[in-house]
Amino acid sequence: MKVLVIGLFLLFGSVTCALAQEADTSTADLEFTEIAPEEAPKTDTAIVAPATTITDTTKKITTTSSDAKANKAEKEKTLWETFIAGLVGGFLAFLMPCIFPMVPLTISYFTKRAGSKSKGIGQALIYGLSIIVIYVAFGLLITVIFGSAGLNALSASGLFNFLFFILLVVFAISFFGAFEITLPSSIVNKIDNKADNSKGLGGIFFMAASLALVSFSCTGPIIGTLLVQASSKGELLAPAIGMFGFALALALPFTLSAIFPGFLSSMPKSGGWLNSVKVCLGFLELALALKFLSSADLAWHWEWFDREIFLVLWIVIFTLMGIYLLGKIKFSHDSDVPFVSVPRLFFAILSFSFAMYMVPGLWGAPVSVLSGLAPPMNTQDFILSGNGSSGSSAASADFPAKVKYSESLKPPVGFHPFFDLDEGLEYAKKVGKPVLLDFTGHTCVNCRRMEDLVWVDKEVARLINEEYVLIQLYADDRNIKMPAEKVHYSDILKRKTDDLGYWNLDFQATRYGSNAQPLYVLAGHDLNPLVPAQGAIFDAKEYATYLKSGLANFKSK
């Protein structure tokens, strides 16, 4: 959700929070309990017969207490990020032309209807609670329809990522004023009549429902974007939590205006600036849509939507946004801009500055703000430095000239991983090094952030390249099919492991008790963890310490 953060930065002049997701590519409701780790059988080969080596251990998953606590903490972090994203979306929705002008009218209606200030405040509180109930119920409906398994599938599916791209482009075009997304008038009229004819709590509730329906042309794209982002996180409660944050931010101004009349008078007057906010959100929707197109490209191995194309489009989008803020571009619903106000000027400067900040990325600069959003560096055709990683190094002389699946899977710039567990483990035994199992995914945002922000550190890169054998196991790849002798039924996934993604995911869940990516396992040749497995660690020094601890335990054996 970094685009929402960038949006706040451009619309309000400050960055509030970096909203990252940890990809979760399981296809079933996986629940892991804390049990004592079981010593895995030591064999001379990695996974000779997956049907017996993996499946026979599904009843006793080797997960430690620290792993379970880490997974719980990551889930709580994801839900908090979703809630914050909902708050951001709710405050932006409040500034839409369909809602902002309604605040004085609504508060005035409550005051006159109640007959006294205290009763008016009570009715405004009920009105705000009704808004929250309506939107949270909508979020819960999404959860019931899809379930956690369905939400997990959305995050990794190339088809759904492409559909999300189309959906967000439609939302952006709607914000630009080409058309309005409205609900059927028959539904809106029925709810409006209910609000007029009902008395007491029922009338107030239907007033809130009427607001939700009438303002859908403005809030629909924002709600849709929030639900797309929440669903792609794979967390069961994420849509409901996101809608709670959205509704809370939307309801607060109505309630505060009733309690504190001065709040209402201090708000700016309605005007053309409301539509300008709407159009700016259209630019942000368009930029965010490209993230999902990139995920579809990676999942389907199109290999045409490179990092340069992504950056060029973002540079153009934010440049046009700056030009629009200066009044040089005008859409159908825009008012004339006789002069450039000071806020418009500063927001335009921020938009142009952000566009310029991305320009060096065309020649291989990291552009760290976009880590996890932009396509990985290995899709870049031209890198000025020649390698793009301060810690990159040439492969050792005995490293294979070509590794399995390298025609479809690309290594991070400056690293030389294996993509097949057996092949990587065989090489590790040959050179006498421990293995770094990197459970990753094409659509995993935090996986890309780790590679772009942490792995480029010189010490981290040296440890991975010189002290470990890196094995990257993609848990969401659906294009590479497994040979018949490796296909087996997964008791956890409730399906056959007929492609590389399902095979790796079953191995991760069965052996290490986790279904979230990234997961880093420092292991010996028996594949037993040398230290507890870890998720994303965005501090390079801390991650280097983690790598050194595993190496020390390996050498002490």
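The values are calculated or read from the model by the stated rules, or taken from the named source; none is laboratory data. Here the structure is a predicted model, which means the values were calculated and not measured. Because the Cβ atoms are built from the backbone with ideal geometry, glycine has one as well, and the counts that use them run over all protein chains shown. Only protein heavy atoms, including side chains, enter the accessible area calculation; ligands, DNA and RNA are left aside. Shrake-Rupley method; radii C 1.70, N 1.55, O 1.52, S 1.80 Å.
Here are the numbers:
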read-out: Among (1) within 23 Å of the chain's Cα centre (by Cα); (2) within 30 Å of ILE131 (Cα to Cα), the one test that ARG307 misses; value: (2)
read-out: Hits in segment 249-278 - residues which are modelled with pLDDT of 80 or more and in contact with a helix residue (DSSP H, G or I) (Cβ under 6 Å, 6 or more places away or on another chain); value: ALA249, LEU250, ALA251, PRO253, PHE254, THR255, LEU256, LYS278
read-out: Output for segment 409-427, where each listed residue is acidic (Asp, Glu) and modelled with pLDDT under 90; value: none
read-out: Selection status of SER231, closer than 30 Å to PRO518 by Cβ, surrounded by 23 or more Cβ atoms within 10 Å (Cβ to Cβ) and at pLDDT 90 or above; value: no
read-out: Test: residue in segment 514-524 that is surrounded by 19 or more Cβ atoms within 10 Å (Cβ to Cβ), in contact with a Phe, Trp or Tyr (Cβ under 7 Å, 6 or more places away or on another chain) and in a strand (DSSP E or B); value: yes
read-out: Among residues of segment 447-456, those that are open to solvent by 10 Å² or more (accessible area, probe 1.4 Å) and either under 15 Å from GLY535 (Cβ atoms) or touching a Phe, Trp or Tyr at 6+ places or on another chain (Cβ under 8 Å) (or both), counted; value: 4
read-out: Whichever residue in segment 189-217 is over 20 Å from ALA251 (Cα atoms) and in a helix (DSSP H, G or I) and, among such residues, is modelled with the lowest pLDDT; value: ASP196
read-out: Tabulated pairs, segment 288-306, first among the hydroxyl-bearing types (Ser, Thr, Tyr), second crowded, with 22+ Cβ neighbours inside 10 Å and assigned to a helix (DSSP H, G or I), C-beta under 8 angstrom, 6+ apart or interchain; value: SER294/PHE310; SER295/ASN161
read-out: Some residue of segment 176-186 being closer than 30 Å to ASN479 by Cβ and at pLDDT 85 or above; value: no
read-out: Number of positions in segment 398-445 that are outside any loop (DSSP other than H, G, I, E, B), acidic (Asp, Glu) and in contact (Cβ under 8 Å) with a residue 24 or more places away in the chain; value: 3
read-out: Residue list for segment 471-486, restricted to those being in contact (Cβ under 8 Å) with a residue 60 or more places away in the chain and assigned to a loop (DSSP other than H, G, I, E, B); value: ALA475, ASP476, ASP477, ARG478, ASN479, ILE480
read-out: Any hit, segment 377-390, residues being open to solvent by 20 Å² or more (accessible area, probe 1.4 Å), at pLDDT 90 or above and over 27 Å from the mean Cα position of the chain (by Cα); value: no
read-out: Answer residue from segment 391-407, given it is modelled with pLDDT under 85 and among the hydroxyl-bearing types (Ser, Thr, Tyr) and is surrounded by the fewest Cβ atoms within 10 Å (Cβ to Cβ) among those; value: SER396
read-out: Qualifying positions in segment 493-513 - part of a helix (DSSP H, G or I) and charged (D, E, K, R); value: ASP506, ARG511
read-out: So LYS410, is it over 30 Å from VAL369 (Cβ atoms) and either open to solvent by 20 Å² or more (accessible area, probe 1.4 Å) or not aliphatic (A, V, I, L, M) (or both); value: no
read-out: Given (1) part of a loop (DSSP other than H, G, I, E, B); (2) over 24 Å from the mean Cα position of the chain (by Cα), index of the condition ALA536 fails; value: (2)
read-out: Some residue of segment 118-139 being among the aliphatic types (A, V, I, L, M), open to solvent by 20 Å² or more (accessible area, probe 1.4 Å) and at pLDDT below 70; value: no
